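As C-alpha cells, the structure follows; a few thoughts come after it.
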Amino acid sequence: MQDLLSPSHKHNEMENKNVNSIESKILIMDNSKKLYIIRHAKAETIPGVNDFDRALTSEGIQHAKQVAEKLAAKLTLDENSIVISSPANRALQTARVFLDVMGTPSFDIQVEESIYECTYKHLLSVINTIPDHIDHVLLFGHNPTLTDLVEYLTRRSAYLRTSSFAEIKIDAGFTFQILSGNCADLVQIVD
C-alpha cells in the first residue's frame with residue numbers, strides 16, 4: 001500500500017490539480033464567437049396565401065420548441081448576443097418560439113428586410129455589419145441560402161431541415177465583421 005504522504009503521491013496529486021486547473025481555465029477562456037444559423041419551422045401551404053405570409057403549422061411549432069430546448073441548454077442570450085431574422089412570417093414566428101423557450105421572450109429581434117430570398121453572399125454581407133463586441137448571433141432565415149452559407153463558411157457539406165440549426169464557431173482572431181469563406185468550423189447541426 002502506498003503511503004499517502006509519500007513524495008510520489010504528493011507529486012501525482014499536484015499534477016492532477018494542475019491538469020484540472022488548466023482544463024477549467026480552457027473552458028473559461030473559450031470566448032469564441034458563435035453563429036447559430038436557424039432555418040424556420042415547418043409552415044403551412046395554403047392555396048392563395050402569399051409565401052411571405054405563410055404561418056407555422058402546429059407540428060412546426062412543436063418541433064421548433066424541441067430544437068430550441070437543445071439550444072437553450074447550451075446558450076444564454078445577453079448583451080453580447082444578437083438575434084436577426086428574415087421578415088417573413090414563418091421566420092419571425094420561429095424566432096419568437098426559440099426566444100420563448102430560451103426564457104428571453106422580450107429579447108429584441110432585428111428584422112433584416114433584405115434577407116428574404118437573398119443569396120448567401122448577401123447574407124454574409126449582413127453578418128459582416130455585426131459589431132465586434134457581439135459574441136453570439138442567432139440568424140433565422142430560409143433555405144437554400146442558409147445551407148449555402150454554412151457550406152461556404154465551413155467548407156463542409158450540410159443541409160438544414162426545418163427548425164434545425166447549425167452551430168458555427170468562428171476561427172480565433174476573426175470577428176463577424178471579417179468573417180468569410182473557410183474561416184469557421186461547423187460544430188454541429190441540431191434538428
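Every read-out reported here was derived from the displayed coordinates using simple, explicitly stated rules and does not represent laboratory data. Because the structure is predicted, anything quoted here is derived from the model rather than measured. Ideal geometry is used to build each Cβ from the backbone, glycine not excepted, and the neighbour counts take in all protein chains shown.
Quick one: go through region 60-102 and flag any residue whose amide nitrogen is under 15 Å from the point 7 Å out along the Cα-to-Cβ line of residue 53.
So the set is 88-90.
Sorting check: for 89-101, 65-77, which peptide has the highest mean count of neighbouring beta carbons within 10 Å, and how do the rest follow?
Ranked by mean Cβ neighbours within 10 Å, highest first: 89-101, 65-77.
Taking θ as phi - 60°, what are the ³J(HN,Hα) couplings along region 136-152 by the Karplus curve (6.51, -1.76, 1.60), each to the nearest whole Hz, with x for Gly and Pro?
Once rounded to whole Hz, the list reads 10, 10, 10, 10, 9, x, 9, 8, x, 4, 5, 4, 4, 5, 4, 5, 5.
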